[in-house]
Amino acid sequence: MLISVKNLHKSFGDLDVLRGVDLEIPKGNVVAIIGPSGSGKTTFLRCLNALEMPNKGTFSFSDGFELDFARSPKKEEILKLRRKSGMVFQSYNLFPHKTALENVMEGPVIVQRKKKEEVRVKAEELLKKVGLAEKMHLYPHQLSGGQQQRVGIARALAIEPELMLFDEPTSALDPELVGEVLSVMRELAKEGQTMAVVTHELKFAEDVADHVMFIDGGVIVEQGPPEEILKSPKEARTKQFLDRVLNPS
Amino acid sequence: MAKMFLNELIINNAAPIVDWDLFWSSLGPMIEGGIKNTIPLTLISFACGLVIAVLTALARISTSKILAGIARVYVSAIRGTPLLVQLFIIFYGLPNLGNAFVLDPFPSACIAFSLNVGAYASEIIRASILSVPKGQWEAGYTIGMTYRQTLFRIILPQATRVSIPPLSNSFISLVKDTSLASQILVVELFRRSQEIAARTYDFLQLYLTAALLYWIICFILSIIQGRIEKRLDRYVAK
């Protein structure tokens with residue numbers, strides 16, 4: 001297991017958003033997290049790198065690193081956790097005052113304090129890999145949504161994270177741009193990158209994920225291999241959700 | 001032509017409105033006062049004021065209630081009292097506390113103006129920091145940055161762009177406000193005009209000349225402001 005999450009709880013004031021979530025992600029696996037809006041799926045993903053601070057729960061990594069949120073972790077532990085994962089946001093959140101290349105180089109240069117020349121070579125490779133070799137000196141506002149999101153992926157990959165987190169990476173995109181982002185993600189999965197993806201793209205989940213988890217009401221209702229969860233779910237709530245997504249009108 | 005026209009404007013046999021000899025001879029001392037005092041006072045106070053303002057803004061948005069409280073009281077006290085009164089407290093008032101508090105006019109003015117700029121600009125900087133979307137903080141955190149790294153490399157550069165127009169206003173106001181320092185014996189541009197007027201009684205002409213010089217300084221500053229904004233615009237969608 002790359003990471004195992006046990007008994008994760010998160011509440012905002014009186015609202016319990018996560019009520020005891022357990023998950024294990026083996027190295028090289030892709031986990032798709034699906035569920036209705038307000039189910040807690042995004043909160044769960046954001047807890048994985050402490051963008052939201054869980055109220056309770058433990059993370060343990062394969063290298064022995066452990067975090068117990070019941071005793072509020074120290075700043076250094078939070079930083080260490082964050083440096084293990086890369087995050088791709090629904091709204092890209094690129095740094096608007098930096099070019100695509102500078103966006104990608106920021107993490108390795110500033111956080112990991114690597115040499116600029118080495119980082120540049122790697123950053124150019126990453127941008128080439130996401131199909132943006134020609135665009136690396138443009139600012140985010142000069143790029144389309146799909147291109148920005150691919151820069152976002154390259155920026156997250158640049159810190160060489162053990163785990164990549166995707167928070168509805170295609171939800172803000174025009175439909176014709178969704179494919180270019182998904183194909184980059186497929187490529188990553190093929191290369192063995194461990195990924196957790198919150199998504200509404202069920203086809204993508206079916207094709208790429210090793211494991212699908214359906215969250216509703218802050219708990220995991222059902223989880224398992226994609227063909228099981230997406231084709232023959234056992235729980236009524238899962239069936240209802242899939243039915244609504246597949247037949248919207 | 002203009003000179004002739006102006007010289008013809010004679011009111012009740014009084015002296016011509018514009019006494020050109022006086023104009024040229026008064027210009028020197030006034031510009032000297034501007035270069036020796038008005039401009040240094042403005043630059044030093046603005047620089048110190050900005051540092052105070054950034055720290056105050058950070059204190060106000062920090063999670064520490066004590067820091068936020070101190071910052072709030074400071075801003076409220078400065079904004080709630082006249083600048084002239086602040087100058088008088090520092091220069092004429094503080095010496096009552098003992099010899100250690102006796103300050104020369106120029107440093108007194110620097111302190112008063114820095115505190116003043118610090119309070120007003122902190123509100124501008126606070127607003128511009130808050131105008132940067134929360135996702136930018138998060139993006140910084142997810143690539144492993146600390147609070148400080150994110151603040152200095154991601155947030156403040158973007159906040160700067162937003163704060164340039166209102167900060168330029170503060171700066172231009174400050175240039176003009178430094179004329180108040182004449183009241184605590186700083187020999188700056190306006191005090192020079194007062195000194196000459198006291199000798200020659202040409203109040204209108206000398207104060208108009210002072211006004212013209214302030215106007216020229218502020219005009220040049222607004223051109224510089226435009227240039228800076230253009231430079232910072234390069235990464236903003238048009």
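The values are calculated or read from the model by the stated rules, or taken from the named source; none is laboratory data. Keep in mind it's a predicted model, so treat the numbers as computed, not measured. Neighbour counts run over all protein chains shown; Cβ positions are idealised from the backbone, glycine included. Surface accessibility is based on the protein's heavy atoms, side chains included, excluding ligands, DNA and RNA. Shrake-Rupley method; radii C 1.70, N 1.55, O 1.52, S 1.80 Å.
Based on the Cβ-Cβ distance of A:Ala236 and B:Ile228, what FRET efficiency does E = 1/(1 + (r/R0)^6) give at R0 = 41 Å, to the nearest 0.05? Could the numbers behind the result be given before it?
Details: r = 62 Å, r/R0 = 1.51.
Computed FRET efficiency for A:Ala236 and B:Ile228: 0.10.
Hey, how much of the P(r) for the stretch B:142-192 falls beyond 14 Å, as a percent of Cα pairs? In whole percent, the share of Cα-Cα pairs in the stretch B:142-192 beyond 14 Å is 67.
Please work out the FRET efficiency for the pair B:Asp19 and B:Leu103, using the Cβ-Cβ distance as r and a Förster radius of 56 Å; give the result to the nearest 0.05. Don't skip to the end; give the middle numbers.
Numbers: r = 38 Å, r/R0 = 0.68.
That gives a FRET efficiency of 0.90.
Could you please state how large a percent of the accessible area of the protein assembly as shown is carbon and sulfur, counting protein chains only and using a 1.4 Å probe? Intermediate results must be reported in sequence, preceding the final value.
On the way: 14120 of 24090 Å².
That fraction is 59 percent.
Tell me the Kirkwood hydrodynamic radius of chain B in angstroms, computed as one over the mean inverse distance between distinct C-alpha pairs. After inverting the pairwise mean of 1/r, the radius is 20.6 Å.
Using the Cβ atoms and a cut-off under 10 Å, what net charge is assigned to the surroundings of B:Glu123, where Lys and Arg are +1 and Asp and Glu are -1? Please list the in-between numbers first.
Values: positive: B:Arg60, B:Arg79, B:Arg126; negative: none.
Here the count lands on +3.
Springs join every pair of Cα atoms under 10 Å in this Gaussian network model of chain A, and among A:Leu138, A:Leu127, A:Leu45 the largest mean-square fluctuation is at A:Leu138. Rolling a 1.4 Å probe over the heavy atoms of the protein chains gives the stretch B:86-144 an accessible area of 43 Å² per residue.
Please state the relative contact order of chain A as a whole percent: Cα pairs under 8 Å, 6+ residues apart?
Working: 454 pairs, mean separation 64.8, N = 249.
Contact order relative to length: 26 percent.
Against the 2.2 N^0.38 Å scaling, with N counting residues, where does the protein assembly as shown land? I'd like the Cα-based Rg ratio to two decimal places.
Values: Rg = 31.4 Å, N = 487, 2.2 N^0.38 = 23.1 Å.
Ratio of Rg to 2.2 N^0.38 Å for the protein assembly as shown: 1.36.
Note on the stretch A:1-118: Rg/Rh from C-alpha atoms, Kirkwood Rh, equals 1.00. Between chain B and chain A, the total buried accessible area stands at approximately 2000 Å², from heavy atoms with a 1.4 Å probe.
Taking B:Ile164, B:Ile52, B:Ile89 in turn, the Gaussian network model of chain B (Cα-Cα springs below 10 Å) assigns the largest fluctuation to B:Ile89.
Taking a ≥ b ≥ c as the square roots of the eigenvalues of the Cα gyration tensor, the stretch A:71-199 is oblate, since a/c reaches 1.5 or more and a/b is not larger than b/c.
Using a 1.4 angstrom probe, figure out how much accessible area the stretch A:109-206 has per residue, in square angstrom, rounded to the nearest whole.
Numbers: 4390 Å² over 98 residues.
Averaged over the residues of the stretch A:109-206, the accessible area is 45 Å².
Between helix A:116-129 and chain A there is an angle of about 60 degrees, using the helix long axis and the longest principal axis of the Cα atoms.
Can you give the average number of partner chain beta-carbon atoms within 10 Å of each beta-carbon in peptide A:95-101, as a whole number? Kindly include the intermediate steps, with their values, before the conclusion.
Details: counts 10, 10, 11, 4, 1, 0, 0.
Neighbouring Cβ atoms belonging to other protein chains average 5 per residue here.
Can you tell me which of B:Gly33, B:Gly69, B:Gly49 moves the most in a GNM of chain B? Springs connect C-alpha atoms under 10 Å apart. The residue with the greatest mean-square fluctuation here is B:Gly69. In chain A, helices alone account for a calculated mean residue ellipticity at 222 nm of -10000 deg cm²/dmol, with every DSSP H run of four or more residues adding -39,500 (n - 2.57).
For the residue pair B:Ile66 and A:His137, what label-to-label distance in nm results when each label sits 7 Å from Cα along the Cα-to-beta-carbon direction? For the pair B:Ile66/A:His137, the computed spacing is 5.2 nm. Taking all protein chains as they are arranged and a probe of 1.4 Å, the heavy atoms of A:Arg82 leave approximately 30 Å² accessible to solvent. Taken about its Cα centre, the stretch A:1-113 carries a charge dipole of about 140 debye when Lys and Arg each add +1 at the Cβ and Asp and Glu each add -1 at the Cβ.
Which whole number gives the average, over all residues in B:131-142, of C-beta atoms from other chains lying within 10 Å of the residue C-beta? Don't skip to the answer; put the middle values down first.
Working: counts 0, 1, 3, 1, 6, 5, 2, 7, 13, 6, 7, 18.
Taking all residues of B:131-142 together, the mean is 6.
Roughly speaking, what is the stretch gain from B:Ile31 to B:Leu130, that is 0.36 nm per residue apart minus the C-alpha to C-alpha distance, in nm to one decimal? Write out the running numbers ahead of the final one.
Numbers: separation 99, 0.36 × 99 = 35.64 nm, distance 4.07 nm.
Once the chain is fully extended between B:Ile31 and B:Leu130, it gains 31.6 nm.
Assuming R0 = 56 Å, can you tell me the calculated FRET efficiency for the pair A:Asp68 and B:Leu94, based on Cβ-Cβ distance, to the nearest 0.05?
On the way: r = 54 Å, r/R0 = 0.97.
E between A:Asp68 and B:Leu94, to the nearest 0.05, is 0.55.
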